[in-house]
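The values are calculated or read from the model by the stated rules, or taken from the named source; none is laboratory data. Since the structure is predicted, the reported quantities are computational estimates derived from the model, not experimental observations. Glycine also receives a Cβ, built like all others from the backbone with ideal geometry; neighbour counts cover every protein chain displayed. In case anyone asks, the SASA skips ligands and DNA or RNA and just uses the protein heavy atoms, side chains included. Shrake-Rupley method; radii C 1.70, N 1.55, O 1.52, S 1.80 Å.
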Amino acid sequence: MRSIAALALVIAALVAVAAALPKQTAFSPMSLTPGFTPAAKLTARGSRATFYDTQVGRGSCGWFNMNDQHVVAMNAAQYSPELCGRCIVVSSDDDCVRVNAEIVDLCPGCPMGGLDTTPGLFQQFAPLDKGVLSLKWAFCEDAPAPPADLSHCNGGGSSGNEWEGEWEK
């Protein structure tokens, strides 16, 4: 009987000590990463974009995707499962081409800010033989409006699907 009372006293003391400790806020090791931005305001300019075959199986978000969809794999430094299904605006560095896409996968080999796209999305910006592009992206709700003057795009305007110019490799 004494051992049960002693055990109850020890448990009560531990509960009291735990209640008195300061509450720990959520911690993410990503918050220690230089250049880290909370997911609510992620954006990237001059990002490296490549493409991959999305039809080989489920992505990190657990979904099957097709190569003609406008979906992306997010770089490991910025990816988190909470981003699955989020809409991003992917655009050429000059804003001549802007396409909405959905985050559906993780790209472990992509650099900070980088994206791996489907071939269908990549071809909105350049032929597949380019292999690597410099693009920018932002969450749909945070994306700035396109510039009012697009006269620099394909000689005075763009349907949004043409590609012209040289890209960073």
Going through segment 123-143 one residue at a time, which ones are more than 15 Å from Val97 (Cβ to Cβ), under 17 Å from the mean Cα position of the chain (by Cα) and outside any helix (DSSP H, G or I)? Phe139
Scanning segment 53-98 for residues that are farther than 14 Å from Phe139 by Cβ, β-branched (Val, Ile, Thr) and surrounded by 13 or more Cβ atoms within 10 Å (Cβ to Cβ) gives Thr54, Val71, Val97
Between Leu135, Leu121, Leu106, which is buried (at least 22 other Cβ atoms within 10 Å of the Cβ), within 19 Å of Gly57 (Cβ to Cβ) and in contact with a strand residue (DSSP E or B) (Cβ under 9 Å, 6 or more places away or on another chain)? Leu121
Got a number for residues in segment 109-118 being open to solvent by less than 10 Å² (accessible area, probe 1.4 Å) and over 17 Å from Gly46 (Cβ atoms)? 1
Using beta carbons and a limit of 6 Å, which pairs, at least six apart or on different chains, have the first residue in segment 134-145 and closer than 12 Å to Leu115 by Cα and the second one of a type in the set (Gly, Ala, Ser) and open to solvent by 40 Å² or more (accessible area, probe 1.4 Å)? Ser134/Gly46
